[in-house]
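Here is the structure we will look at, set down as structure tokens.
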Amino acid sequence: MDIKTVGVVGCGLMGAGIVETCARAGYSVVVREVNDGLLQAGLKRIESSLSKAVERGKLTPEARAATWARIKGATTLDDLAGSDLVIEAVIENMALKKEVFSALDRLCPPHTILSSNTSSLSITEMAAATRRPGQVIGLHFFNPVPVMPLLEIVRALLTGDDTLEFAKSFGASLSKTTIVAKDTPGFIVNLLLIPFLLDAIRALESGKATREDIDTGVKLGLNHPMGPLTLGDFVGLDTTLFVADAIYEELKDPRYAAPTLLRRMVMAGRLGRKSGAGFYDYK
């Protein structure tokens, strides 16, 4: 399918990165937020990211201007009605996502592919809110979207072969490496990542080692770019907790049961980099 316009629902941290990545790849992008305040904040985030890319020599001033010209903001889903592909990037709330998918199904033409950036929720359940389940798929990007090279494609129970091939081609057009996961809790990356992060938190909680030694051991002993506690802060401890709870709810596997320390930190507002403090201080 020849894509001309990509719609993005949500212009938060992930949504803004998706908008920027699609626009830099040459697509016209319409991004919708629930109000003008959130929309302007998201557009400023994109503008800042593009400026930094120019400063670092990753983008020319001309390419930045062309990218920015391809982006249009909106505050109603109606503005996404002309999209060939829509990527939903709202908060991880299934009821809200199903509401968005149902509305998009009514608004968009029959050829439009509907997708979700969810990191853990069921694509099949979202597809059930539409009359086009064969054209619904997961497109899970990673933060920061313009930098991270991976796109995790999630095939729902009724996703069609053409939709899957389309998703692979779209990922390639964004210069992403694609992997394909079944619609199971955690997909591939979080299925493996969450127990790793939770085990590191449990080791800290039980006094087995300091946060610094846990992170240094993983960095230098396993050759990871950052330790698990630093990574948890980067991902967001609230996000880590949400994904862990979502997977545990479906699998009832104790490896995904969140440690008390993680739950208490989230209650206290120590969410990681986004709040200025998590396992480490960032203020």
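At-a-glance table
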read-out: For the range 4-127, projected area of the alpha-carbon convex hull averaged over all directions, nm²; value: 7.3
read-out: Fewest-first sequence of 182, 219 by Cβ atoms within 10 Å of each Cβ; value: 182, 219
read-out: Order of 224, 111 - criterion: other Cβ atoms within 10 Å of each residue's Cβ, fewest first; value: 111, 224
read-out: Assigned charges on the beta-carbon of Lys, Arg, Asp, Glu; the range 11-74 dipole about Cα centre (debye); value: 140
read-out: Descending Cα extents along the principal axes, the range 111-196, whole Å; value: 36, 30, 17
read-out: Helix axis angle, 94-107 relative to the chain longest principal axis, alpha carbon, degrees; value: 10
read-out: Residue 139 long-range amide H proximity, modeled H, under 5 Å; value: 116, 117, 118, 154
read-out: Normalised per residue, the volume of the convex hull around the Cα set of the range 191-272 (Å³); value: 86
read-out: Aspartates and glutamates whose Cα lies under 16 Å from that of residue 52, excluding same-chain neighbours fewer than 8 positions away; value: 20, 62
read-out: Answer label, with percent of Cα pairs over 32 Å apart calculated from the coordinates and candidates (1) 33; (2) 27; (3) 49; value: (2)
read-out: Which of 212, 62 has the fewest Cβ neighbours within 10 Å, and the rest in rising order; value: 62, 212
read-out: Percent of beta bridges antiparallel (DSSP, the chain, rounded to nearest 5); value: 20
read-out: Candidate aspartates and glutamates - alpha carbon under 17 Å from residue 98, same-chain residues fewer than 8 apart omitted; value: 33, 78, 88, 125, 183
read-out: Backbone HN-Hα couplings from phi across the range 180-185 [Karplus 6.51/-1.76/1.60, Hz, Gly and Pro as x]; value: 10, 10, 6, 7, 10, x
read-out: Among the listed pairs 176/219; 44/274; 58/176, those beyond 22 Å (Cα-Cα); value: 176/219
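The numbers here are math on the coordinates, done by the rules we state, and not lab data. Predicted, not measured: the structure shown is a model, and the values here were computed from it. Cβ: placed from backbone, ideal geometry, glycine included. Neighbour counts: every protein chain shown.
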